[in-house]
1. Any residue at all in region 8-15 that is open to solvent by 10 Å² or more (accessible area, probe 1.4 Å) and in contact with a helix residue (DSSP H, G or I) (Cβ under 6 Å, 6 or more places away or on another chain)?
2. Under 23 Å from ASP92 (Cβ atoms) and not hydroxyl-bearing (Ser, Thr, Tyr): which single residue out of VAL144, VAL160 fits that description?
3. Exactly one of these conditions fails for ASN151: (1) touching a residue at least 40 places away in the same chain (Cβ under 8 Å); (2) in a helix (DSSP H, G or I); (3) of a type outside the set (Phe, Trp, Tyr); (4) within 15 Å of HIS124 (Cα to Cα). Give me its number.
4. Filter region 202-231 for residues that are within 25 Å of the chain's Cα centre (by Cα), part of a helix (DSSP H, G or I) and more than 10 Å from ASP179 (Cβ to Cβ) and give the result.
5. If you scan region 408-434, which residues turn out to be among the charged types (D, E, K, R), within 21 Å of GLY446 (Cα to Cα) and not in a strand (DSSP E or B)?
6. Which condition from (1) outside any loop (DSSP other than H, G, I, E, B); (2) crowded, with 17+ Cβ neighbours inside 10 Å; (3) modelled with pLDDT of 70 or more is the one that GLU375 breaks?
7. Hey, could you check region 113-132 for residues that are free of Cβ contacts under 8 Å to residues at least 12 places away in the same chain and either polar (S, T, N, Q) or in contact with a helix residue (DSSP H, G or I) (Cβ under 9 Å, 6 or more places away or on another chain) (or both) and say which is most open to solvent (accessible area, probe 1.4 Å)?
8. Tell me which residues, restricted to region 140-155, are under 24 Å from SER246 (Cα atoms) and either open to solvent by less than 30 Å² (accessible area, probe 1.4 Å) or touching a strand residue (DSSP E or B) at 6+ places or on another chain (Cβ under 9 Å) (or both).
Amino acid sequence: MNGDTAKSISVMDTTLRDGEQTPGIAYTPSEKLHVARMLLNDVGVDRIEIVSARASRGELEGAQRVTAWAEEAGLIGRVEMLGFCDADRSVDWIRNAGGRVVNLLTKGSERHCREQLGMTPKQHVQRIVDTVNHARERDVRVNVYLEDWSNGIRHGFDYVRRLVDALQGLDVERVLLADTLGILSPDDVRRFVSLMTVTWPNTTFDFHGHNDYGLATANAIAAIQSGAAGIHTSVNGLGERAGNTSLAEIVTAIADHTEFRTNINESRLAAVSELVETFSGKNISANTPILGADVFTQTAGIHADGDAKGDLYATRLAPQRFGRERRYALGKLSGKASLDHNLSQLGIRLSDANRKKVLDRIIELGDKKHTVVPEDLLMIIADVLKTPAEHLVRIKRYKIDVASDRPPSASVSVSFKGRTSEASGTGDGGYDAFMKALAEAVSPHGIDMPQLADYRVRIPPGGRTEALVETLIQWSDSSNGRRFSTVGVDTDQTAAAVIATEKMLNIIAHDRARGG
């Protein structure tokens, strides 16, 4: 099928509900609102699940913040909340929170029904009927979760049959098939989802997977190929234990490996991933598919050479598709092609002899387990070639004064192409005072300072006071929408930050020199 005729799969993202069950995560109401807005407006998920009913006063406030915005934006029908089979309590809580859709949690396995609820299947069905009827009286739409459905259908289809048959006479929009413990394989999913869709062809089923065996994406693909009309995801795969199906991984796999499509804006997946990383405090691995820091970085020189000679190592997973860019790592495996890619990005041309000197230095650092990022390249060139012209900006002198009885202050002297300027300033902290003084000092040279996006310090374990400190600073340049990082290393934390900042100034100066 082509993109116009392919069947659309509904994506329900549960980052704000199931994803918040990740240990150590608790979103504030404001954070929930920001994530909800981005998921619905920018990323284009079809629905979001934002809260469990009756959880806490804070959860009620967060839900109300999201639903008030969604109501005004005309998106309230795409906001869902988890509720329980308690007749009126969950439904009334959701209504009070501004919700219009309940995802009703029912027991999809007889063992859960009898041992956790202490009910017979008949009693449980009656509680479901009572809750659904009350929801419809309160003008709340209903979807039904079959919790532990994977175990339920594996060990007793008769129970699942009786339960879903009972739902047929109710006003239920979707039945949500939960592999709650992440126990299924793709073959299991194909067999069991097919059984559901064949037995109840007029029922709309979603698949809710977990990643305990690392099979969540494969299982979701198997589910939609077997008739499921929707899948549940979370940003960065957050969720209990090993997490839920990753939003970025599954929508990309659907696009590239099935005849189906989604409504997701792939170019915004990296942005929502970064937002959730910030709010959750949970950083993804550098090799995480689609989103990881390393996944669009070529390390081997032969790969860089192949790309230069006709994109020989390109695939459909092009970085531009996801709002990212290809990078070429510099280390002991680098070749001339890797270096040339990075020099081209920086707008620098070197003679063959000088290029060899720089490459030899990169390989030497690589043998010492030092990875050279592209932003370090200017410093290596200046160090190896001893050419001041390559090092346009130098912080010649600085002084930072922090005391308990007065605001932090700083003074700085900066040299740009042989011209020196000085400035001083105060701030909320030592580095803040330094940055304010620096901004004033470089202003006469026409250098616009980028925004500081992230600041991280790493000190190797061991407790030695003379240990090196690594300061990594991420910058955001509003003039071109570019984000980049610089690193400084020194035995003094402030000095390391100054080194990283000086690298930033040289990158900005070189960008300006080449009109970038």
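The values are calculated or read from the model by the stated rules, or taken from the named source; none is laboratory data. Fair warning: this is a prediction, and the values are worked out from it, not measured in the lab. For neighbour counting, all protein chains shown are included, and Cβ atoms are generated from backbone atoms with ideal geometry for every residue, glycine included. Calculation scope for accessible area: heavy atoms of the full protein, side chains included, ligands and nucleic acids excluded. Shrake-Rupley method; radii C 1.70, N 1.55, O 1.52, S 1.80 Å.
1. no
2. Working: VAL160 fails: under 23 Å from ASP92 (Cβ atoms).
Exactly one residue qualifies, and that residue is VAL144.
3. (4) is the only condition that ASN151 fails.
4. Of everything in region 202-231, those that are within 25 Å of the chain's Cα centre (by Cα), part of a helix (DSSP H, G or I) and more than 10 Å from ASP179 (Cβ to Cβ) turn out to be THR217, ALA218, ILE221, ALA222, ILE224.
5. Correct list: LYS417, ASP432.
6. It is condition (3) that GLU375 fails.
7. LYS122
8. Of everything in region 140-155, those that are under 24 Å from SER246 (Cα atoms) and either open to solvent by less than 30 Å² (accessible area, probe 1.4 Å) or touching a strand residue (DSSP E or B) at 6+ places or on another chain (Cβ under 9 Å) (or both) turn out to be ASN143, VAL144, TYR145, LEU146, GLU147, ASP148, TRP149, SER150.
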